[in-house]
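Data block below; observations after.
The values are calculated or read from the model by the stated rules, or taken from the named source; none is laboratory data. Note that the coordinates shown come from a computational prediction; the quantities given were computed from them, not determined experimentally. So basically every Cβ, Gly included, is an ideal-geometry build from the backbone, and we count neighbours across all protein chains shown.
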Amino acid sequence: MIIQSCHIAQFGKWKEKNFDFSEGLNPFLWENGEGKTTLMHFFHILFYGLSGERKQDVSENERKHYMPFQGGSFGGNIHFQKNGKNYILERSFGLRKAEDSFRLLEENGKDSHDFTENIGEELFSLDSEAFQRVCMISHEDLSLHFNSTVHAKLGNVSDDDEDMKKFQKVQDTLKDAINALSPNRRTGAIFKKKMEEESLGIGLFQKKEEEERALALETEVLRLEEESRKKEEEEEKLAEEVRKGILEKESLGKRVEYKKLSEELEKARFRYENAKKWYYQERYEDLSSLERDNLWKEEMQELREKIALLKKEAEQPVESVLPEVEEEKEKRNPLPFLLLFIAGLFLLLFVLKIAGLPLPLPGSLSLLIALLLSCIAFAVFYGEKEKKQRAVGKRSLEEEKRRKTESLRILSLEELLTRFHKLEDMLSLEKEEKERKEELAAFMEKEGEIKEISEEEYVSLEESQKQLDAVRKEQEFLRDRIREKREEREDRVESLKALSEQERRLLATREERIAMEERIHILQACKEYMEKAKEAFSSEYRGPILEGFVHYFHALCGVEQEFAITDELEIEFIERGIRRNLAYFSEGLQDLCRFALKLAVFDAMFPGEKPVLFLDDPFSHFDDEKGKKGLALLQELAKDRQIFYFTCSSMRAVN
């Protein structure tokens, strides 16, 4: 490609200026401030358009930087030749992007559609940033930074430029994902899960103690119930003795029987009233006698219906979801094997290309596609594996949830049964009171008036009755103790339920942490595979760049020096068999190396027809001898490329 001429209508300090150029070296000896850099950026902006639209700094916002002080539009045109055909490129820029215009004409003035508004990328196969780094060499910054477009151009895969641009983005995404899951960072999800596991595990140390306490309470309840059973047997024996004494002394017996029935009635009534007070609590005083007797019966009927419904639900069989998990484990995704098969085909094409067969597809592209397909196949394989593990985990959780629901339903049934049994106790107390009333009424109806008996006759029977009363009091005391221990046992059971839930959460957290560790392992492996693919890709053009660098270094310096190039395309010199960084050189020699590297990269990127090369005083840091060799090198380079050379010193001017 050759730039033949240009017209600057208005651009920065330039206004209505025309330039004509030769095909080889075009030197410009201008003083500082005359517009060397402005002219260089004029070409760049006409090919690529403006950048930095949203920047506030004028030096970074090209629209503000190059707009004339008096305002208005700015721009111009370039006459250039490409593939033997002449074109005229026109661009005009206004106050905002909507006012910008682009036009491409043929030599006869007709509109051309050979290139679009992205003409710079289409001509040079480089984006704006890469063009500035490779084709515009300035003394202000001789360092070379490789972006994805530069790698794509070097690898002769510019058609796959989008894939190369996405490589670093994918690497950054993988890095962010790995950091987000990191087990070593406080913000990492795995680290947080470990902390949660430790927190949950500490509380579970008390579970064994709670189980032992609950077991001890259960043992105590059983002991008290056994003791109560023995007291009941003793009570029955004493009651039998009292009844026998009554039969022996009919008159005394009738009186004792009457007293006994009266006391039993009072005790039954007292127990029934206490039960109602316990049930109604604060509402007891506000309710009428009829309401006190009926409300708890209504609730008992409702509980009976709920218990029947829960029992019916509990009897219904629930199918397990675990067989579905086993079936899903047998499934295999054929995509990874298909991708590996295709990758093998492209690898075969690469081998055939190396063997010398005339294939239309570049060998490096075949190798790249094979590597990328292999990486994708492994990623899909491990992704499918993780997906299956998640499915298994999900089914297990559903099974656990089903079991938990079944347990909760059983617990709910047990709670309803407990309450229902308490209401049954009230029903039995009511029944007992009615029975005592009926017994006393029947006794009075049968015996009529009860006569008084002498104290002597009453003494022996009274002693037996006292013993019976003492046993009954002890029995009441035992019942109270049993009730207290049962309540304490229920509290321990509730505590154990909470600890069991905490243990379930610990297991779930541990499963989540294990799944995260498997995922971070897959991500790290994927990142490693992509790094290896990049290294294999870049190794193809390290050799030509190093060869070109050594050639230009020798031409500029005249010194024989052994060099090496890293995977990141950084130059190192070899001294006594040891590779050393260029930082050991002087600043001037470092600039010379950077300039030689830029020329070598330029040649490697454009092995055929070479685009225009812009040089902004690149020898300003060279000594006089190396500066002369640099000018001689320019004359040699200008034989196969067009060069725009700008300098402000006559010592560095081209004769």
**Q.** Pairs where the first residue, in the range 336-364, is in contact (Cβ under 8 Å) with a residue 24 or more places away in the chain and the second is of a type in the set (Ser, Thr, Tyr) and surrounded by 17 or more Cβ atoms within 10 Å (Cβ to Cβ), C-beta under 7 Å, 6+ apart
**A.** Leu340/Ser374; Ala343/Ser374; Phe346/Ser366
Q | Criterion: buried (at least 16 other Cβ atoms within 10 Å of the Cβ) and among the small types (Gly, Ala, Ser) - qualifying residue of Gly94, Gly72, Gly109, Gly84 | A | Gly94
Q | Single unsatisfied condition, Glu572 versus (1) outside any helix (DSSP H, G or I); (2) closer than 30 Å to Leu347 by Cβ | A | (2)
Q: Inspect all residues belonging to the range 149-166 and state whether any of them is within 20 Å of Ala379 (Cβ to Cβ), at pLDDT 55 or above and either not assigned by TED's automatic domain parsing to the domain that holds Leu361 or not aliphatic (A, V, I, L, M) (or both).
A: yes
Q.
Kindly evaluate Arg96 against the criterion of being modelled with pLDDT of 90 or more and basic (Lys, Arg).
A. no
Q: All but one of (1) modelled with pLDDT under 90; (2) crowded, with 18+ Cβ neighbours inside 10 Å; (3) touching a Gly at 6+ places or on another chain (Cβ under 9 Å); (4) under 23 Å from Lys36 (Cβ atoms) hold for Ala596, so report the exception by its number.
A: (1)
Q: Could you please let me know if Glu117 is surrounded by 14 or more Cβ atoms within 10 Å (Cβ to Cβ), in the same structural domain as Ile3 (by TED's automatic domain parsing), closer than 17 Å to Trp14 by Cβ and not basic (Lys, Arg)?
A: no
Q) Taking strands (runs of 3 or more DSSP E) that do not extend beyond the range 1-65, which have at least 1 residues that are of a type in the set (D, E, K, R)? A) 14-20
Q: Identify, by number, the condition in (1) modelled with pLDDT under 80; (2) among the small types (Gly, Ala, Ser); (3) surrounded by 17 or more Cβ atoms within 10 Å (Cβ to Cβ) that Ser138 doesn't meet.
A: (1)
Q.
Residues to consider are Glu476, Glu512, Glu457; find the one that is part of a helix (DSSP H, G or I), under 30 Å from Lys259 (Cβ atoms) and modelled with pLDDT of 85 or more.
A. Glu476
Q) So which residues in the range 599-643 are among the aromatic types (Phe, Trp, Tyr) and either in contact with a Gly (Cβ under 8 Å, 6 or more places away or on another chain) or modelled with pLDDT of 90 or more (or both), if there are any at all? A) Phe614, Phe619, Phe622
Q: Scan Ala515, Ala508, Ala555 and give me the residue that is of a type in the set (Gly, Ala, Ser), in contact with a Lys or Arg (Cβ under 8 Å, 6 or more places away or on another chain) and over 30 Å from Gly630 (Cβ atoms).
A: Ala515
